[in-house]
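Accompanying notes for the structure given below.
The values are calculated or read from the model by the stated rules, or taken from the named source; none is laboratory data. Remember, predicted model here, so these are calculated numbers, not experimental data. Backbone-built Cβ (ideal geometry, glycine too); neighbour counts: all protein chains shown. Please note that ligands, DNA and RNA were not included when accessible areas were found on the heavy atoms of the full protein model with its side chains. Shrake-Rupley method; radii C 1.70, N 1.55, O 1.52, S 1.80 Å.
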Amino acid sequence: MKKLITVASVAAGLFLTSNLASAQQKIGHVNSDDVFANLPEAKTAEASLDTFTKTKQGEIEKMITTYQTKLKAAQDKEKTISEANKETVIKELTTAQTELQTLGKDIEAARTKAAQDVSKKQSELFAPIQQKVSSAISAVAKEKGLAYVFDIAASQGNSQIAYMDGGEDITPTVKSKLGATGAKK
């Protein structure tokens, strides 16, 4: 009977010890927005993306200007209709209308393609940086013995952290590991 009590006590002790050990897991948090905002390569990528986006917008604006010029010309031509030139002007207006419809479709296609191109460029520019930041977060978490790291960045939007008191903020260490400059946002 004594052996049974001793075995039960040892088992209960092991169970409580394992629960205490798991309850002692360290938790940290990081603000990835702050890390990105202070990374030189993220700033460079953002500038490159802005330039690329402006180029695409410029191309579309040229098409819109062409459309507007042709529309105004057709409207001006319409004002010149008389009985003597009615047939000729109507043919010209019909041709202009077809051309304007084609231009309108081309503009919409260019907008769609530009949005796709910008999205692709954004992925090309930021995916390596995101991977680098993710790797740095993992490395810092392992160095500090953290079991969980929550991202408290505002841009995450889907963060489920409603309240936080404690935990270790590893943002400065991640920024330092990546060579990020600047103060916290």
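Some observations on this one:
- Residue in segment 64-86 that is at pLDDT 90 or above and open to solvent by less than 50 Å² (accessible area, probe 1.4 Å) present: yes
- Test set (1) open to solvent by 50 Å² or more (accessible area, probe 1.4 Å); (2) within 30 Å of GLU61 (Cβ to Cβ) - LEU103 fails condition number: (1)
- In this structure, ALA153 qualifies as aliphatic (A, V, I, L, M), at pLDDT below 85 and on the phi < 0 side of the Ramachandran plot.
- When THR17, THR44, THR51 are checked against the criterion of being loosely packed, with under 14 Cβ neighbours inside 10 Å and at pLDDT below 90, THR17 stands alone in meeting it.
- Restricting segment 157-176 to residues that are within 23 Å of the chain's Cα centre (by Cα) and not small (Gly, Ala, Ser), the residue that is modelled with the lowest pLDDT is GLN160.
- The combined condition, being open to solvent by 90 Å² or more (accessible area, probe 1.4 Å) and within 30 Å of ILE170 (Cβ to Cβ), is fulfilled by GLN131.
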